[in-house]
Structures are given as structure tokens and as C-alpha cells.
Amino acid sequence: MKEICKMTATALKAAMEAGELSSREATEAYLTAIEEREKDIRAYLTITPKTALAQADAADKRRGRGEALSPLDGIPGAIKDNICTKNVRTTCASRMLENFVPPYDATVMGKLSGIAMLGKLNMDEFAMGSSTENSFYQITHNPRDLSRVPGGSSGGSAAAVAAGEAAFALGSDTGGSIRQPAAFCGVVGLKPTYGVVSRFGLIAFASSLDQIGTLTRDVRDGALLLNAIAGHDPKDATSVKREYSDFGAQIGREIRGMRVALPKEYFGEGLHPEVKEAVLAAAKKLEGQGAEIVETSMPSLEHALAAYYVISCAEASSNLARFDGVKYGFRAEGYENINELYDKSRSEGFGREVKRRILLGSFVLSAGYYDAYYKKAMQVRTLVKRDFDRILSENDLILSPVAPTAAYKIGEKIDDPLTMYMGDAYTVPVNIAGLPAVSLPCGTDGAGLPVGAQLIGKPFSEAEILRAAYVLEKEAAI
Amino acid sequence: MKPNYEMVIGLEVHAELKTETKIFCSCSTAFGAAPNTQCCPVCMGMPGTLPVLNEKVVEYAVKAGLATHCRIAPFSKEDRKNYFYPDLPKAYQISQYDLPLCSQGYLEIECGGKKRIGITRIHIEEDAGKLVHQPDGGTLCDYNRCGVPLIEIVSEPDLRSADEVDAYLKKLRSILVYTGVSDGKMQEGSLRCDVNLSVRKKGAAEFGTRTEMKNLNSFQFIGKAIAYEFRRQVEALEAGESIVQETRRFDEKTGKTYSMRSKEDADDYRYFPDPDLVPIELSEEYVEQVKKTIPRLPDERKAAYMEQYGLKAADAENLVSEREIADAFEAAAKQTKDARTLAHLILSEGFRLLGAGETQIPIAPEHLAKLADLLAEGRINNATGKKLFAQLWERDGDPAALAEEQNLWQISDESVLRPLAESVLARNPKTVESYRSGKVQAMQALIGQTMGAAGGQGNPAVIRRIVEELLKQ
């Protein structure tokens, strides 16, 4: 057997089913790995060894009786810290929720019941950021190069999977927060169609864009995990009423005749030549397997980023208003009246980036500015959707870069929010349109850092996306 | 008061819906529970929780809309109204902004004649919690009410007097109670009213600047607040001042209104569509289905009472104001020969005996009907009718048996009444004298005494005739 902490969840599952490995062994191996590597990586905000081992033992017992709870029963995984876990602190990497212990589980946690939960993963505060440097608690280091960021906001999730500190992780993706760190750390990130996975229990950043997704070692694991967490939830009005068949069903099928679109705007100015080269090489590999590569155009792309920041900040300004120091979470000291309680608690409880976005969002919704910003952004949103509709009615998939560069140095961009925002240009359109997309490693740059490719599909076409991604994964490995 | 001003009033009425559960979660809406025992992570706005719309809320709001002749929107949505206050745990209220569920309706009031009052819109929203200020200066939050469903019913500025406001609110309340949409209990805050009031010279085409008085929760306070605010505005205008558009608070103790905040410092609520909820789309079939569940409404009943029983408009209006009373009247009316007498019994005696907020008449319909018959047939007189009504109220039974038992039948026999009258006149020569010298009202005293001598059971008409005859002799 391979080293446990390098195995995929699928392989762990097979080994457990074959009786070659117990959940306890796997979980202990991961806890040991965490102990060894955390001082360098710092992916975890909370580690839950007792819970993990108890869950592992319970899973082993179930397996012994042939009663596995789910395909992921007993597999050691970890959860981004904006997903509520009953009786386990959930901070959103914010001082605001430093001591917040939810009395309820997110719906996805119920769906994953049976896993051995190793702990809660670092992120940009309230998922706002692209480098995980906006965490109130700690900076997570990219396992591929410790001097670099792991990406964000699900940087802890990507780093933990890449470093062998978790077999899989859940993340959330509002504008690229799963796909970009997956690309930076060289793992597979899957952002499902909006509404496929329940948002109940995901602490909202921007409700119309947020979607829980997976970070895994390979494409097949992505399907395995999505199978577990997808499905309609009566507790989330935006979750889609739909039955899903196996998302991995098409994995292994050839892609001959598949039409893969390359919109030229994704390959324009701002894209690092080495990233461009790697993604175009991926296109060649798909072509080599019989896919038809189609050059196309997506004119709305240049407006998508601005629209994204208007919409996401607007929603965030309202979603984060509940953190007011009254009921739970951080409350500042030394206030004279209720307004001071609000002002001080929110000023001290939120970090700079969160405050910046709340201000932006409040501004674009305010009387006299609503039409010029929020309403306009919603119109752009319609345009972006139309562009995608058009391209995806003529093609099966879109192939693009995930980010303009590979992982950058810690501290390199943190004082330049605008440049940081520009890094989201290739990922946000997918959220604006509610589409599914996967990010997977397609090569390395000159420094040997992983470069990601993004495959975007029609709504509910996760199985097709994963089919093509699997082909690319195999080709890229060669 | 200068007589040449008129008031222009529009109302915003918040009615709590009678649903079992809250608007976005499954917590109970029951009133009066211990603080914070009827809330959950969803209505508390805990991180990560999401609202899911209770379909009953839509149904009830549509019912209210249909009962007030509104247009029901095939497409509407819910919006967030953002503001910070400790009774609002999410720091936004889910309401409806530009696309309400119902619009363009009206209802009819009876106030010195029939008048139609326009209803601009009806929308759904969630209630906030309640703050309890402690004597030591602290404030406690009770979130039981948080998420209780409300409809807000906004009228056109069609009301011109406190009496019209009173008539409108009573009519609206009765419609909401009839349809089962709300229990209409003002004392429990089920119905609350914001009054927008401006004044203008009679005949003026333009409206004046208005003020808003918020959260009035009794008919009495609404009347007082309107009277005060009207006078305040007229006096200000007469003194050459202008009215400031502002929100004013009515103080129940002083009976005055006080400025709370002007338009300039008004909150910017930053309304935007709630991304956690999907638009509300209603088919014509759905609306038709709801329509079928609406019972006969007050106006229809009122018209029927006037036509079938010859009741006066005002009497019919009063009878239909409460569904239970109207139901009791209808059940008894079917069994009596004289529904007008029955109506007057209920309107005078019933309304007198009903306590505030009570609507249950504790007399069986057949007994009410029988009592009306006894009166109509002249077998008992009015005074006895009242007496028996009060007795039945305490302990229900057969009024004829009661009358028999106490020997309360009306005495119309002249041979019994005439000697009584003669002896009264004989005992009161002064009164007789003053009548004959022109004091006509003196007769009333003699009639009253004769009635007394007859143990209150004399036939008043017969007594009057006898006394008149005796006085003329």
C-alpha cells in the first residue's frame, strides 16, 4: 500500500472495503501528518483529533457490520471554517466569531456524516480574499513552496489536501475561492452548479454566488465527494429540486467529438505567458484525444469582474450586518450606548478587507447610487449569462486559465487590493452565471509551481466536466 | 379651530397573520409564551441559516388581497430592508419593496354615507422581536415575535376624518377576521397602525406636507392622535410655519405627538432583492383556488340584512363588524318572525353586555329568536325584553319559560290598568294640575308611575292611552 497520506479518498475507500486499512489507521496517519506538517503549512484553525478518532472507530464498527453510512464513511477529511459544524467552533477566520460554536450542522455535514473530521480549515476572513492572508488568525503556506500563498479564500482546504493533511476538503466558492487555491496548490477543485449543494449552514458571503464544493487529490475524488453532498434541501430555497445520477459516471469515457471553446478574452492581456502556455498545451492534449478546439469570443468578460465586486459586496454588506455584537460573537468593551456597541464591535471585530467590502457594498446599494452600480451590475450579470449561454449552446465546455499567474509570494499583493481583485477575473464569471467548473493542474510554470486549467460547463453538466477533466488529468500526468 | 381646513389621511396597517408557524421557519407564532422560547437559529438569524417561505403566508396575504378587491401579482419578490436594531437579529427585515403581492384594491366604509377607500398595496414581511427595557437601565431582547408573519396594508390618502379612519379600520379588521387571515386583536399587537396625516384648505387640489405617526395600537389612541396632530398642523400653518415631513411619536399619557426624526435623518434602508429567496410566482388557478376559500364578507352580509330584513345601513354595518356576532344574528334571524327586533336586541343589549374584545353571544339562536318573537307579539314589553335578555346572558334557557316562571307577561288588559292609572292621578293632583296648565311633559311622570304600579309589565301604549284619556276628563 502507498503511503496513506498520499492516497486518494477513492483509494482509501477501496482499501477499507478490502479490509486492508481501518479508518482508525488512516485517521491516525493523518493526525500524525498534521502534527508534523502544521508548523510549516498552518492550514488548520481547529484540529479535532478526539472527534476524528471517535468517528473513525464508529466507522470501523459500521464497516465491520457492513453498514457503511456513505461512500465516504470513515475517510479523514477537513472542512473550511465557514461551514457550520455542530459543537465545533466555526470562525470564518474572523475575530468576530472567535468563540462561535454553532448549535447546528450545515446540511453538507449531515450528508457527510460518517467521515472522520480532522478539523476546520483556514481561509480569508468571511471568504473575502484570494490568498488566505486575510485570516485573522494565521497565514497558510503553500505546500509546493512555503514562501508562497496557497490562494484563497479556501487556501486552508487546498493546502491541507496538497500537503497530505486531509484526504479531501470542503471549500466554498463565491468568485473562485475553490478553483484558484486548487490551482495554486496543485489539487482538483470543483465548484458545482449554483443550487446543487445546499448552502444551509454555510456562513454567507454573497448568497447568490456562494456554493460549497470540493478540493481533492484527483478528479475521481471530486465526483465521489460531490455525489455525497449534492441534493435538494428543503432548508435552502435556492437549492434546486432535482435528482442527480452518479457525477463520476462518465469518468473514463473518451472525449472524441467534444467541442471545447477557448474564448480569446481569457487569454488576453494580464495573463502570464507561462500560464498561457500551460493552458494552451492542455487544449492541445484534449485535441489529441479527439476533442474539437473552438476559438470563440466572450465580450462581456471584461465587465464581469466589476459586476462581481459590486454584487458580492452588496450582498455581503447585508449578510454580515448580523454580526453586531448583540447576540453572539465578538463584542467590544467600553461602549456607552447601542450605536457605540455596534460601531466598536464591528470596527474591532472585522478585518480591513471585510470592512472595505462592507463599505463598498453599502455604498452601491445606497439611495442615489443603486441604479448606477447595483442595478447596472445586475444587467451585466444578464449579459454574462447570455454570453455563456451562447457559447455553451454551440460547445460542450469552455477551457480557460484559472488565474493569471501561479502562486505568488506571501505579502506580495496584500497591500494592493486592486491587483488582488484582478486575479479573480477568470473565475468570477462562472459564479455570476451560476455554472459548474473544475480547476485542475495542467502543468507547471518555469519555477516548477503548479498551473491550473479551468473547465466550465452548462448548468448541471458536472459529469461531462469531470469526464473531460479526467482525460486531461491523465494526459497531464504523462 | 379654523373650520376651513380638512385633514388628509392615509394608513399603513400591519396585521399579524394567524398562521401556526412563522414566516421563514417552523417556530410557533402563539402569543404570550415565556421570552425566547419560540425561536430557533433561523428566526434568530444565526450565521449560515437560511429563510424558507411559509406558503400559508402567501395564501393568507392573497386572501386579504382578494377580500379587498386587489390585483394579485403573478410575479412578486422579497427584498431586504437593512437597518441595525437589537430587535432585528439579521439586521435586515425581509419585506417586499417594489413588487408587492397585492395592489390596487379598495374597501367600502359607512360613514355618513357609503365611501370607497383605495388600497394601494398589501405586502408580506416578517415582524421584529421585542425589547424590554429594565428599570435599572438594561435592555432585554425577546425574539419570540421575530419572524411572525405580517401583512402591511397601505391605503390611498382617501380618508378625511377620524371617523372615517375609525370606520376604515373597523371594516378592514372585520375583513381580516372574517377571512381568518388575522385574529385582529389590537391589545395583543395583532393589528398596528401608522397614520400619515396632512392638512390643507378645503377645496385645495394639492396635498400638504405629511407627518407619520407610528405604531398606534388602539382605536382610542388613533382617534386622539389624529385629533391632536390635525390641530397641531393647522395651528402651525395659521402661525405661518411650515410642516416638516417627519415621523412623530404619539404619547399615550399626554395625548400629544412628538417629533422622532425628520426625513433628512431617515434611514437609507438599502433595499435589494433577497438572494436567499426565490421570486413568488402565482398562477391564475392558484388565485382561483384561494378565492373559493373566502367566506361571505361583511359587505355582502350587510347588503343582505338591509334587503331581507329592512335594517338600516348603520345597524347592518354594526352587526357585521364581528363575524361571530353576524353568525349569531343570522342563525337566530332564520327562526324569528321579526329580525329587526332581533337586530335591535343584539345591537342594544348584546353590545352593552359584550366586554371589550368579546364577540361571543352566550344565548342560543333559538332562544334569541324566541325572545324577539315574544317582543314582536306584544307578549312582553321592551323593559321585560331587556331584563330577560340579561337573564339569558347569565344563564341560557327558554325565554317563554322564564317569563312564565316570573310572571312577566305584558299586561294590556284595560280593566287592570285603568284603576291603577286612576289611583296614580288621584295621588298626584299637582302633577295633573301642571299638565293641564300646559306642561305636557308632566304626563310622562304619570305614565311612569302607572307602569311602576303595574310592576313594570304594563303595555306602554295602553297605559299612555288611558292616562291621556283620564287627563282630558
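The values are calculated or read from the model by the stated rules, or taken from the named source; none is laboratory data. None of these values were measured; they are calculated from a predicted model. Here the Cβ positions follow ideal geometry from the backbone for every residue, glycine too, while neighbour counts run over all protein chains shown.
So which helices (runs of 4 or more DSSP H) are wholly in region B:390-473 and hold at least 1 residues that are among the aliphatic types (A, V, I, L, M) and over 39 Å from the mean Cα position of the chain (by Cα)? Steps first, answer last, please.
Numbers: elements: B:399-405, B:414-427, B:429-436, B:442-453, B:460-472.
In region B:390-473, the matching helices (runs of 4 or more DSSP H) lie at B:414-427, B:429-436, B:442-453, B:460-472.
Go through region B:131-166 residue by residue and tally those that are part of a strand (DSSP E or B) and either among the hydrophobic types (A, V, I, L, M, F, W, C) or modelled with pLDDT under 95 (or both).
First pass over region B:131-166, keeping only residues part of a strand (DSSP E or B): B:131-133, B:139-142, B:149-155, B:159.
Now drop any that are not either among the hydrophobic types (A, V, I, L, M, F, W, C) or modelled with pLDDT under 95 (or both), which leaves B:131-133, B:139-141, B:150-151, B:153-154, B:159.
Total meeting the criteria: 11.
Find the residue count for region B:458-473, including only residues that are closer than 19 Å to B:TRP409 by Cα and hydrophobic (A, V, I, L, M, F, W, C). Talk me through it step by step, then tell me what you get.
Filtering region B:458-473 for residues closer than 19 Å to B:TRP409 by Cα gives B:458-464.
In the following step, the residues that additionally are hydrophobic (A, V, I, L, M, F, W, C) were identified as B:461-463.
Total satisfying the criteria: 3.
Looking at (1) touching a Phe, Trp or Tyr at 6+ places or on another chain (Cβ under 9 Å); (2) surrounded by fewer than 23 Cβ atoms within 10 Å (Cβ to Cβ); (3) touching a residue at least 24 places away in the same chain (Cβ under 8 Å), which is the one condition that is false for B:PHE84?
(3)
Considering B:ARG270, B:ARG261, which residue is touching a helix residue (DSSP H, G or I) at 6+ places or on another chain (Cβ under 6 Å) and charged (D, E, K, R)? Full working, then the answer.
Working: B:ARG261 fails: touching a helix residue (DSSP H, G or I) at 6+ places or on another chain (Cβ under 6 Å).
Result of the check over B:ARG270, B:ARG261: B:ARG270.
Any idea how many residues of region A:167-214 are assigned to a strand (DSSP E or B) and either touching a residue at least 60 places away in the same chain (Cβ under 8 Å) or hydrophobic (A, V, I, L, M, F, W, C) (or both)?
First, pick out the residues of region A:167-214 that are assigned to a strand (DSSP E or B): A:168-172, A:188-191, A:197, A:202, A:212-214.
This time we only want the ones that are either touching a residue at least 60 places away in the same chain (Cβ under 8 Å) or hydrophobic (A, V, I, L, M, F, W, C) (or both), so: A:168-172, A:188-191, A:197, A:202, A:212.
So the answer is 12.
Could you tell me how many of the residues in region A:98-128 are within 14 Å of another protein chain (Cβ to nearest Cβ) and among the basic types (Lys, Arg)?
1
Checking the condition modelled with pLDDT of 95 or more, buried (at least 21 other Cβ atoms within 10 Å of the Cβ) and either part of a loop (DSSP other than H, G, I, E, B) or more than 12 Å from chain A (Cβ to nearest Cβ) (or both), which residue from B:VAL58, B:VAL42 passes?
Working: B:VAL58 fails: buried (at least 21 other Cβ atoms within 10 Å of the Cβ).
After ruling out the rest, the residue left standing is B:VAL42.
Closer than 19 Å to A:LEU383 by Cα and in contact with a strand residue (DSSP E or B) (Cβ under 9 Å, 6 or more places away or on another chain), is that true of A:VAL451?
Details: closer than 19 Å to A:LEU383 by Cα: no; in contact with a strand residue (DSSP E or B) (Cβ under 9 Å, 6 or more places away or on another chain): yes.
No; evaluated as a whole, the condition is false for this residue.
Output the residues belonging to region B:74-98 that are within 29 Å of the chain's Cα centre (by Cα) and away from chain A (no Cβ under 12 Å).
B:SER95, B:GLN96
Would you mind stating whether A:VAL451 is at pLDDT 95 or above, crowded, with 20+ Cβ neighbours inside 10 Å, among the aliphatic types (A, V, I, L, M) and over 26 Å from A:GLY288 (Cα atoms)? Working first, answer last.
Values: at pLDDT 95 or above: yes; crowded, with 20+ Cβ neighbours inside 10 Å: yes; among the aliphatic types (A, V, I, L, M): yes; over 26 Å from A:GLY288 (Cα atoms): no.
So A:VAL451 fails the test.
Check every one of the helices (runs of 4 or more DSSP H) wholly within region B:261-379 and list those with 2 or more residues that are within 14 Å of another protein chain (Cβ to nearest Cβ) and touching a residue at least 40 places away in the same chain (Cβ under 8 Å).
Numbers: elements: B:284-292, B:298-309, B:313-320, B:323-333, B:339-344, B:365-376.
Filter on region B:261-379 gives an empty set.
Can you list the helices (runs of 4 or more DSSP H) found entirely within region A:256-371 that contain at least 2 residues being within 14 Å of chain B (Cβ to nearest Cβ) and surrounded by fewer than 22 Cβ atoms within 10 Å (Cβ to Cβ)? Can you show your working first?
Numbers: elements: A:273-288, A:301-319, A:338-349, A:352-365.
Of the helices (runs of 4 or more DSSP H) lying wholly inside region A:256-371, those with at least 2 residues that are within 14 Å of chain B (Cβ to nearest Cβ) and surrounded by fewer than 22 Cβ atoms within 10 Å (Cβ to Cβ) span A:338-349, A:352-365.
Residues checked against (1) closer than 24 Å to A:THR32 by Cβ; (2) away from chain B (no Cβ under 14 Å); (3) more than 9 Å from the chain's Cα centre (by Cα):
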position	(1), (2), (3)
A:ALA159	yes, yes, yes
A:GLY164	yes, yes, yes
A:GLY201	no, no, yes
A:SER207	no, no, yes
A:ASP218	yes, yes, yes
A:ALA228	no, yes, yes
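Please determine, by comparing only the residues of region B:22-39 that are within 14 Å of another protein chain (Cβ to nearest Cβ) and of a type in the set (S, T, N, Q), which one is farthest from B:SER76 (Cα to Cα).
Filtering first and then ranking leaves B:ASN36.
If you check B:ALA236 against the conditions, is it away from chain A (no Cβ under 14 Å), closer than 26 Å to B:ARG173 by Cα, of a type in the set (A, V, I, L, M) and not in a loop (DSSP other than H, G, I, E, B)? Full working, then the answer.
Working: away from chain A (no Cβ under 14 Å): yes; closer than 26 Å to B:ARG173 by Cα: no; of a type in the set (A, V, I, L, M): yes; not in a loop (DSSP other than H, G, I, E, B): yes.
No.
Quick check: is even one residue across region A:129-136 under 30 Å from A:GLU333 (Cα atoms), within 13 Å of chain B (Cβ to nearest Cβ), out of contact with any Phe, Trp or Tyr (no Cβ under 8 Å at 6 or more places or on another chain) and outside any helix (DSSP H, G or I)?
Checked against the condition, which is being under 30 Å from A:GLU333 (Cα atoms), within 13 Å of chain B (Cβ to nearest Cβ), out of contact with any Phe, Trp or Tyr (no Cβ under 8 Å at 6 or more places or on another chain) and outside any helix (DSSP H, G or I), region A:129-136 yields no hits at all.
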